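See structure below.
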Amino acid sequence: MIKSNTQKLVKIGITSASSRRSFIRSLPLFLQSGLRKRSSSIAQFKTESMKLDIFRSWCSAQGIKTSLEIREGNGGYRYTVLDSAVKQTGQLNLLQVPLSSCLIADSSEQLADRLEFEKNLGSDSEFAPYIDLLPSFDSFQKTLPRFWNPDRLALVEAADGGALSKLLQADDPRVNSPFVDPWALACVDSRCNFLPDKRYSLTPVLDMINHRSSVATRMFVDATGEDGLDLLNLEIDANKLPRSDKSWFERLVNPPSNEIFISYGDLTNRQTLLNYGFVDEENPHNTEELQIRMIRQPKITATIESDGSIDEESLGKLRQSLANAIESDVLQSLPDKEKNPLLFVSPRNEEEVFALIVGELEIAKDKVMNGLELVADDELLTRYLSGRLNVLQAATKKIKEKFPQLLS
């Protein structure tokens with residue numbers, strides 16, 4: 001989800017389309033069903049190109065203004081690029097959407113219900129051109145782990161240390177609720193953004209801009225639109241893009257397609273896979289867990305950052321656990337203000353700590369390599385496990401620089 005960072009929002013009143021929906025709700029169920037079936041059969045004859053053309057016209061009629069062009073890639077992949085005029089001027093205002101063009105609700109479940117209702121209206125929904133472009137349930141079954149069969153999950157269970165399965169088991173009860181449509185909830189969870197008043201919004205065009213961890217974004221709601229409507233605006237802050245001798249445009253786009261990205265937040269690969277169904281192998285915000293086992297002691301779960309550094313809390317616990325009697329006595333004799341278990345204990349202790357970590361790293365890397373062989377035909381899982389391997393290898397490299405004797 002893309003979070004907004006402003007505090008003001010003026011609510012939109014009921015439109016004529018809202019009145020039409022109220023009228024349809026008042027019809028007997030068999031008539032509502034007939035309308036839905038008719039609308040569904042009409043939608044089946046639209047090609048993807050036709051749907052996109054209709055959506056562009058709908059955006060214009062809705063007052064949606066954007067510097068972006070929406071394009072179709074392979075396999076139904078949609079992405080956005082800057083138009084040629086913007087490239088020349090260096091404009092950073094990417095998108096302006098009236099909130100009246102968004103689907104909005106107080107909770108994700110309510111937004112899913114609203115989306116399901118609008119979808120069932122078919123072409124009678126004022127949001128039909130937008131809904132026609134949303135992913136199918138079949139596509140979610142391929143990308144979102146919540147829909148995977150046990151066999152596919154089992155392929156990564158050992159290779160990622162059970163991290164993905166643990167997150168799935170901790171998932172909230174909405175996912176398996178019989179009262180929430182799974183397709184609609186998947187759309188909401190993977191595409192919605194927060195408004196300043198904490199409501200949930202499905203925002204056309206914004207949800208078609210894909211994620212890149214290194215891009216800085218700013219989104220805000222402005223109540224001074226030309227027609228007095230609240231407008232959701234998306235801007236890119238060029239000053240916060242990764243520093244380089246390249247132009248802001250060259251830093252923002254992804255050649256050769258020149259796709260524009262925004263950041264959904266500092267997310268790990270597990271989070272992007274779980275919530276959005278994609279993985280960035282080179283994610284600078286990715287972290288991986290490493291289970292460290294010791295005889296007659298509970299396991300310690302260490303967190304490894306993308307650069308290979310290991311969290312200090314885990315190192316502190318290991319230093320304490322591996323301290324010999326003399327080192328423990330020295331630690332206990334320190335004044336209270338100096339009794340910091342995270343601090344370096346001794347050269348001997350430090351080498352033993354990292355020798356233990358190296359052993360676990362080698363085991364973990366072997367499991368990932370075995371996992372990569374098992375998922376060789378699964379591009380998404382290959383990217384996920386490759387991202388984990390990158391982090392484990394970064395940790396090995398960092399330790400080797402400090403303790404070359406531990407690694408041949």
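All of the numbers you see were taken from the coordinates with simple rules; none came from a lab. Only a predicted model underlies this, so the values are computations on that prediction, with no experimental measurement involved. Neighbour counts are summed over all protein chains in view; Cβ atoms, including those assigned to glycine, are modelled from backbone coordinates with ideal geometry.
Structure above, values below:
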{"quantity": "ASN370/ARG174 FRET efficiency (R0 41 Å; Cβ-Cβ; nearest 0.05)", "calculated": "0.75"}
{"quantity": "Full-extension gain in nm, ASP329 to SER408, via 0.36 nm per residue minus C-alpha separation", "calculated": "25.0 nm"}
{"quantity": "Over 24 Å (Cα to Cα) - which of LYS142/LYS166; LYS317/LYS402; LYS142/LYS198 fall in this group", "calculated": "LYS142/LYS198"}
{"quantity": "Length gained when the stretch GLU48-GLU351 is fully extended (0.36 nm per residue, less Cα-Cα span)", "calculated": "103.1 nm"}
{"quantity": "Cβ-based exposure ranking for ILE357, ILE70, in which fewest neighbours within 10 Å come first", "calculated": "ILE70, ILE357"}
{"quantity": "P(r) weight above 17 Å for the range 119-182, C-alpha pairs, percent", "calculated": "57 percent"}
{"quantity": "Local net charge near TRP183, Cβ-Cβ under 10 Å (Lys/Arg +1, Asp/Glu -1)", "calculated": "-2"}
{"quantity": "Calculated over the range 287-406: convex hull of Cα atoms, volume per residue (Å³)", "calculated": "112 Å³"}
{"quantity": "Potential extension, SER57-ILE363 segment - 0.36 nm per residue separation minus Cα distance", "calculated": "104.6 nm"}
